[in-house]
Amino acid sequence: MSRFDEGSERIANGIAAERDSTKLAAELESNVAALKKTFEDCADVVFRPLSGANGTTACLAYIGGLVDTKELSDNALRPFLETISSPDAGAAGAARLSESLLSVPSAAATPLLSDVVRELTGGSAALLLDGCGEAVLVRVQGGTRRAVEQSTTEVNIRGPKEAFTEDVHTNAALLRFKLKTPQLKMVSLTVGERTATTVYVSYLNGVADRTIVDDVLRRIRAIRIDGILESGYVEEWIEDQPYSPFPQLQYTERPDTAAAMLLEGRVVVLVDGTPFVLSGPITLWQLMHSSEDYYERFYIGNLLRWLRYAFMFIALFLPALYIAVTTFHQDMLPTSLMLSIAAAREPIPFPALIEALIMEIAFEALREAGIRLPKVIGQAVSILGALVIGQAAVQAGIVSAPVVIVVSLTGIASFTIPRFNFAITVRMLRFPFMLLASVFGVYGIVLGTVWIVIHLCGLTSFGVPYLTGLAPFRASDQKDILVRVPWWAMLRRPSFAARNRRRIPAGTTPADGESEGEGTIT
């Protein structure tokens, strides 16, 4: 077996391409044979033989569907043919040949077989020239990718409508449209032994804390896995406490939300192949904030924020309170209401916990079915299913009408939480609270709440305490936790992530927009 076959075999066996130092030979046939061995049984890999006017031979290799064939033909193939027709095409060297391809936006030369394999799978084309031990790599990525569309998971009334796509380069450009500054940095990493997924770590230089940036880069570089298909893979690898039910990174599909995170000093991670980007560090309070809190006038945003906080507690505690009150603490309710609930529960053969669990599980199943069913009928099935099943269960004497009301209100309340990863945490914690309430009553709910508070006090996101702002208390952060003050009053960025906290020049007023003195942003 030749050294080229050995190199191809190592790549085929899953060893990372960047670790393979096999070099190309001067003979075109050997290089083509090594690539064909590496891409054996790959019908989509194209090897196009080329021949110059002076008899010089070459081969253009690319993977169909990953390259822009029009750009490859117009801006690469024709210059290739003109270049290899020169008498000293092979002796000129690939570096000089790549520099002469002026119509190609990006071209480079490499002597390594592993570089050629990696670039081919990444959407580049490779020119192999007889008599030259280097290959010319031309980056003409193309193929069919989804265009920029409206966000489907973070719907808003006011604000930008565009959303990220599955192309990491497009997503980076969408951030560049928002932040037109060279301080916006994009550090490129490759993760995944087989997928070789491109990951961008983005931050605002001079604003973000460099210690946090370095920590994020270190954690991503330490990932050892065969493939990364979505940002959720990266999230599980880099979070501080993977066994906690609470999310320690925030994800978003909206470029404006990601840009706002960068402006606060946070780090954004873009993963190729998914429209969801990650951001950290985060605190608990940011999971309850919505983009419309900042686009509407501050008192409207505060009203909506307080409403979400109120319904978050309803989604977490209401079923448990119903079980505790009807089982142990009937004297907490007015007599007339208690008699009404008792009359409704009289024909029910199950205790309050069982009937609440029946309805909660049925509601969760309907919600999941509504997501998986085709969009045209999913919403109708989920709504009608809830109405029909609830009414039928009450008439059959399986559950009482009050528990149907409680479960319905709880389900509606969970939809008011703006972040899905936090909403599903609240939905999951609801069941332990129901079990505690059925055994200990209200005291069980108190014990569960104390446990959650203790857990949250010890939770961190890239070393930042999860309850930063309230625990530890920081007065400057109170302007955007439970309430949002007007934009002209938020002079400083949050303290937990930003190194440079100055956001607005001191002395700026909303009346005339002018500064009292020489206040500037540094």
Failed item in (1) on the phi < 0 side of the Ramachandran plot; (2) surrounded by 16 or more Cβ atoms within 10 Å (Cβ to Cβ); (3) hydrophobic (A, V, I, L, M, F, W, C), with L229 passing the rest: (2)
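Within segment 380-476, which helices (runs of 4 or more DSSP H) (wholly inside it) include 2 or more residues that are aromatic (F, W, Y), open to solvent by 40 Å² or more (accessible area, probe 1.4 Å) and modelled with pLDDT of 90 or more?
Numbers: elements: 401-414, 420-440, 442-458.
Hits in segment 380-476: 420-440, 442-458.
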Subset of segment 106-130 that is in contact with a Gly (Cβ under 7 Å, 6 or more places away or on another chain) and open to solvent by 40 Å² or more (accessible area, probe 1.4 Å) - its residue that is farthest from C59 (Cα to Cα): P111
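Suppose the filter is open to solvent by less than 10 Å² (accessible area, probe 1.4 Å) and not aliphatic (A, V, I, L, M); does T257 pass it? Before the answer, list the steps.
Values: open to solvent by less than 10 Å² (accessible area, probe 1.4 Å): no; not aliphatic (A, V, I, L, M): yes.
For T257, the condition - open to solvent by less than 10 Å² (accessible area, probe 1.4 Å) and not aliphatic (A, V, I, L, M) - is not met.
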Residues of segment 391-439 classified as out of contact with any helix residue (DSSP H, G or I) (no Cβ under 7 Å at 6 or more places or on another chain), touching a residue at least 60 places away in the same chain (Cβ under 8 Å) and over 29 Å from L304 (Cβ atoms), total: 1
Every residue from segment 477-490 that is open to solvent by 50 Å² or more (accessible area, probe 1.4 Å) and not hydrophobic (A, V, I, L, M, F, W, C): Q478, K479
Within segment 303-328, tally of residues that are over 30 Å from I481 (Cα atoms) and touching a Lys or Arg at 6+ places or on another chain (Cβ under 9 Å): 1
Every residue from segment 182-234 that is closer than 24 Å to T257 by Cα and among the small types (G, A, S): S188, S202, G206, A208, S231, G232
Residue that is closer than 30 Å to T144 by Cα and at pLDDT below 75, where the choices are L129, L101: L101
Boolean, L81 is closer than 19 Å to E29 by Cα, at pLDDT 70 or above and surrounded by fewer than 17 Cβ atoms within 10 Å (Cβ to Cβ): yes
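Take the residues in segment 326-355 that are in contact with a Gly (Cβ under 8 Å, 6 or more places away or on another chain) and not in a helix (DSSP H, G or I), then tell me which one is surrounded by the most Cβ atoms within 10 Å (Cβ to Cβ). Quick ask: steps written out before the conclusion?
Of segment 326-355, the ones in contact with a Gly (Cβ under 8 Å, 6 or more places away or on another chain) are 327-329, 347-349.
Checking which are not in a helix (DSSP H, G or I) leaves us with 328-329, 347-349.
Numbers: F328: 18, H329: 14, P347: 10, I348: 16, P349: 8.
The qualifying residue surrounded by the most Cβ atoms within 10 Å (Cβ to Cβ) is F328.
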Among the residues listed as V213, V187, V207, V168, the single one being under 28 Å from R146 (Cα atoms), among the hydrophobic types (A, V, I, L, M, F, W, C) and in contact (Cβ under 8 Å) with a residue 40 or more places away in the chain: V168
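One line per residue, one yes/no per condition, for (1) of a type in the set (D, E, K, R); (2) part of a helix (DSSP H, G or I); (3) buried (at least 19 other Cβ atoms within 10 Å of the Cβ); (4) touching a helix residue (DSSP H, G or I) at 6+ places or on another chain (Cβ under 7 Å):
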residue: P242; (1), (2), (3), (4): no, no, no, yes
residue: G265; (1), (2), (3), (4): no, no, yes, no
residue: V269; (1), (2), (3), (4): no, no, yes, yes
residue: Q286; (1), (2), (3), (4): no, yes, yes, no
residue: L303; (1), (2), (3), (4): no, yes, no, no
residue: F313; (1), (2), (3), (4): no, yes, no, no
residue: A324; (1), (2), (3), (4): no, yes, yes, yes
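The values are calculated or read from the model by the stated rules, or taken from the named source; none is laboratory data. Note that the structure is predicted; figures quoted are calculated from it, not measured. Please note: Cβ atoms are built from the backbone with ideal geometry, for glycine as well, and neighbour counts cover all protein chains shown. These area figures cover heavy atoms from the full protein model, side chains too; ligands, DNA and RNA do not enter into them. Shrake-Rupley method; radii C 1.70, N 1.55, O 1.52, S 1.80 Å.
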